[in-house]
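Visitor: Supplied in C-alpha cells, the structure appears directly below.
The values are calculated or read from the model by the stated rules, or taken from the named source; none is laboratory data. Quick caveat: nothing in here was measured; it's all calculated off a predicted structure. For neighbour counting, all protein chains shown are included, and Cβ atoms are generated from backbone atoms with ideal geometry for every residue, glycine included. Just so you know, the surface numbers come from the protein's heavy atoms only, side chains and all, with ligands and any DNA or RNA stripped out. Shrake-Rupley method; radii C 1.70, N 1.55, O 1.52, S 1.80 Å.
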Amino acid sequence: MSLYAEYLKERENKTIIESENGFITYQIFDNGICYIQDIYVIPEMRKSGLTTSMQNAVIEIAKSKLCHTLIGSVCLDTNEPTRNLQILLNDGWQLDKIGGNMIFVHKKINGVV
C-alpha cells in the first residue's frame, strides 16, 4: 500500500487501487452505496480498457460488501467534463443530481441480492 493510500484510508476512509498506469479511489457506505470518487489513467493507456478493469474491480469489492448502487461524479472545473460525462452515460450511468460544480451519476450493480 502506498503512503498516499494509507493517507486516504486514515483521513477520509477511502480506498485506492493503484497500478503504474492509473488509479481509482472509492468509498463504501453502510447504506449499500459505493462512491467512486476519482479515476485516473495515464494518457498513453487511455482507451486500453484499464478504466473498465479498475471499475470492475471496485464493483466486485462493492458486491462482496452487499452494495447495490454505484455513485460517481464529474467536476465541471476539470479538463473535458463533457467528455467525462459522456463516457459515464455511454457506460449505463444515469444522471442523479447537480450540486454546485458537480454532476452526480448513479448505476445499479447487477447481481446483488
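Visitor: Along segment 63-76, what does the Karplus equation 6.51 cos²θ - 1.76 cosθ + 1.60 (θ = phi - 60°) give for ³J(HN,Hα), rounded to whole Hz, x for Gly and Pro?
Guide: 4, 5, 9, 6, 6, 10, 9, 9, 10, x, 8, 10, 8, 6
Visitor: Nearest-5 percent of antiparallel DSSP beta bridges in the chain? Show your work: numbers first, answer last.
Guide: Working: 24 of 27 bridges.
Antiparallel bridges make up about 90 percent of those DSSP assigns within the chain.
Visitor: What number comes out for accessible area per residue over the chain if the probe is 1.4 Å? Units Å², please.
Guide: Numbers: 7380 Å² over 113 residues.
Value for the chain: 65 Å² per residue.
Visitor: Still on this model: Suppose R0 equals 35 Å. What FRET efficiency, 1/(1 + (r/R0)^6) with r the Cβ-Cβ distance, do I98 and N13 give to the nearest 0.05? Present the calculation step by step, with values, prior to reporting the outcome.
Guide: On the way: r = 25 Å, r/R0 = 0.72.
The pair I98/N13 has a calculated efficiency of 0.90.
Visitor: In whole Hz and in residue order, list the ³J(HN,Hα) couplings for segment 28-36 that follow from phi through the Karplus curve 6.51 cos²θ - 1.76 cosθ + 1.60, θ = phi - 60°; x for Gly and Pro.
Guide: 9, 9, 5, 8, x, 10, 10, 9, 8
Visitor: Here is a follow-up. Can you give me the % of accessible surface on segment 1-112 that is carbon or sulfur? Probe 1.4 Å, all protein chains present, nothing else counted. Each step should come with its number before you reach the end.
Guide: Numbers: 3720 of 7200 Å².
About 52 percent, which is the carbon plus sulfur part of the accessible surface.
Visitor: Order the peptides 40-46, 16-22 from the highest to the lowest mean number of other Cβ atoms within 10 Å of their residues.
Guide: Numbers: 40-46: 12.1, 16-22: 14.6.
Descending packing order for the listed peptides: 16-22, 40-46.
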